[in-house]
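The values are calculated or read from the model by the stated rules, or taken from the named source; none is laboratory data. The structure displayed is predicted, hence computed values, not measured ones. Every residue, glycine among them, receives a Cβ derived from its backbone with ideal geometry; neighbour counts consider all protein chains shown. Surface accessibility is based on the protein's heavy atoms, side chains included, excluding ligands, DNA and RNA. Shrake-Rupley method; radii C 1.70, N 1.55, O 1.52, S 1.80 Å.
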Amino acid sequence: MMPLLHLENISAGYGENIILKHFHLSVEKGKLVSLLGPSGCGKTTTLRLIGGFSEPVEGKIMFDGHDYTKLPAHKRNFGFVFQSYALFPNMTIFDNVAFGLKMRKIGKDEIQRSVPKILETVDLKGYENRFPKELSGGQRQRVALARALVIQPSLLLMDEPLSNLDAKLRIKMRVEIRRIQQQLGITTIYVTHDQEECFAISDEVAIMNKGVIEQMDSPENIYKYPKTEFIARFVGFENFFTLTKADIPGKYRAVDQSVFAVKDEAEGTHFKACIRPEDVKMRPADTSGENLVKGKIKVATYLGKQYQYNIETKLGGLVVKSEEENHKINENVALSIPPEKMILIKSND
């Protein structure tokens, strides 16, 4: 299937500061795709290029089979939802939502039909005559969403739309955004730096780092099978150590010559093994066998639901999160690394 949106070999930036380098992105119709990554990775630059607010230095932006690379923003039938809501304080909610339709010279009868309908979709029926200052933050965000949707856009672009809301309201609003997006079947590009928010609502996630997409996949696959060390760290892996393929099939050796078995083998010889802190199990120090690391507890921290133990080993510092509270500083322990919880990433070292 041909993608609805395709960015091909894009390079873009500001002056001599090139942010995106040979960048590619493909989005299928009806999908919600999130761009996720740290500040400065190129998320908002990508969104601005798609929206027509800036042009690439090189490369092509194709939408529905047409070249949109140099098409100005006002000629793209795209809806925008910004971090700041950007509502007109002196206009009623009805007029705020109707603004885009009036700009498109839509007739009064059509506006009278469309605005109440979209306000009902975002659960704001009956709010038509109120002003933005009379609404809560979550309600203002819904107005911004209704204004973007009422024009029946071919593509919806959302830039950190929930960052001004408190934590509880963010969770409620992300569920609403996903419900509305699925109900309308609208293709959406969603920019955020919040991993939990992004994973909760996305069909696909593109994790960006230094102007490139390091991995684009379903939230589940990215969480379970990160392709690079950067992504593994980004999605919660904190323990990394070097393994080298052994002569025995399916076995690997660490720098202290201890032997590890893994569930999923990988091509190559040298790897970084990674595992989440909550997946490492603490055993008595005299435990022996495969997939074990001997170490000493250096720091113990109470986190509420569990304890975090920082452990010094010959493979480097490792972190364990456990509900067990009967471990003390300077206690010798053995760490069990379950094969099914360990991921191998090809090492660049």
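Computed from Cα atoms, the angle from the helix 108-121 axis to the main principal axis of the chain rounds to 30 degrees. Taking the Cα centre of segment 5-107 as origin and assigning +1 to Lys and Arg Cβ atoms and -1 to Asp and Glu Cβ atoms, the resulting dipole is close to 300 debye.
Distance from the alpha carbon centroid of segment 235-289 to that of segment 161-189 works out to 39 angstrom.
For the cross-link pairs K70/K102; K75/K125; K296/K321; K294/K321; K272/K314, which exceed 20 Å when the distance is taken from alpha carbon to alpha carbon? If you can, show how the numbers build up before the last one.
Values: K70/K102 25 Å; K75/K125 30 Å; K296/K321 15 Å; K294/K321 16 Å; K272/K314 15 Å.
As for pairs spanning more than 20 Å Cα to Cα, those are K70/K102; K75/K125.
Couplings 3J(HN,Hα) for segment 241-248, derived from phi with the Karplus relation 6.51 cos²θ - 1.76 cosθ + 1.60 (θ = phi - 60°), are 8, 8, 10, 10, 4, 8, 6, 7 Hz, where x marks Gly and Pro. For the set L157, L303, the ranking by accessible area, highest first and with no ligand, DNA or RNA atoms included, is L303, L157 under a 1.4 Å probe. The largest accessible area among T313, T242 belongs to the first residue in T242, T313, and the rest follow in falling order (1.4 Å probe, all chains). Applied to segment 222-237, the Karplus parametrisation 6.51 cos²θ - 1.76 cosθ + 1.60 on θ = phi - 60° returns per-residue 3J(HN,Hα) values of 5, 5, 8, 10, x, 8, 9, 5, 4, 5, 4, 5, 5, 9, x, 7 Hz, with x for Gly and Pro. Rounded, prolate or oblate, given the Cα gyration tensor of segment 228-303, with a/c below 1.5 counting as rounded? Since a/c reaches 1.5 but b/c is at least a/b, the shape of segment 228-303 is classed as oblate.
Once all protein chains are placed together, S136 keeps about 60 Å² accessible to a 1.4 angstrom probe. Per-residue 3J(HN,Hα) values for segment 252-258, derived from phi via the Karplus relation 6.51 cos²θ - 1.76 cosθ + 1.60 with θ = phi - 60°, read 9, 10, 8, 5, 8, 6, 5 Hz in sequence order (x marks Gly and Pro).
Contact order normalised by length for the chain, with contacts defined as Cα pairs under 8 Å and 6 or more residues apart; what percent is it? It would help to have the intermediate numbers written out before the result.
Numbers: 710 pairs, mean separation 54.4, N = 349.
Normalised by residue count, the contact order of the chain is 16 percent.
Of the residues A206, T242, S218, the one whose Cα sits farthest toward the positive end of the charge dipole of segment 181-269, with +1 on the Cβ of Lys and Arg and -1 on the Cβ of Asp and Glu, is T242.
Considering only F78, L35, G138, the residue lying farthest towards the positive end of the dipole of segment 14-152 is G138, judged by Cα position with unit charges set on Cβ. Report, in whole Å, the centroid distance computed from the Cα atoms of segment 26-85 and segment 291-313. Cα centroid to Cα centroid, the span is 44 Å.
Counting other Cβ atoms within 10 Å of each Cβ, which GluC sites (Glu not before Pro) in segment 1-54 have at most 10 and sit in a DSSP loop?
Counting only loop positions with at most 10 other Cβ atoms within 10 Å, the GluC sites (Glu not before Pro) in segment 1-54 are E16.
Relative to the Cα centre, the charge distribution of segment 157-295, modelled as +1 at Lys and Arg Cβ and -1 at Asp and Glu Cβ, gives a dipole magnitude of about 260 debye.
So what is the relative contact order of segment 1-92, in percent, for Cα pairs below 8 Å that sit 6 or more residues apart?
With pairs under 8 Å counted, the relative contact order is 29 percent.
Using Cβ point charges alone (K and R +1, D and E -1), the dipole size of the chain about the Cα centre works out to roughly 840 debye.
Accessible-area rank, largest first, for E110, E323: E323, E110, with all protein chains present and a 1.4 angstrom probe. Amide H to amide H, with H built 1.01 Å from N, L165 comes under 5 Å of no residue 5 or more places away or on another chain. Under the classification rounded if a/c is under 1.5, otherwise prolate if a/b is larger than b/c and oblate if not, where does the chain fall, given a ≥ b ≥ c as square roots of the Cα gyration tensor eigenvalues? Prolate, since a/c reaches 1.5 and a/b exceeds b/c. Where a ≥ b ≥ c are the square roots of the eigenvalues of the C-alpha gyration tensor, would you call segment 250-340 rounded, which needs a/c under 1.5, or, failing that, prolate if a/b is larger than b/c, or oblate? Verdict is prolate for segment 250-340. Based on the convex hull around the alpha carbon atoms, segment 83-139 presents an average projected area of 4.1 nm². Close amide H contacts of L156 (hydrogens built in the peptide plane, cut-off under 5 Å, sequence separation of 5 or more or a different chain): G79, T187, T188, I189. Projecting the Cα atoms of A273, I106, T287 onto the dipole axis of the chain, where Lys and Arg carry +1 and Asp and Glu carry -1 at the beta carbon, places I106 farthest toward the positive end. Dividing the summed -39500 (n - 2.57) terms of all DSSP H runs of n ≥ 4 by the residue count of the chain sets its mean residue ellipticity at 222 nm at -7000 deg cm²/dmol.
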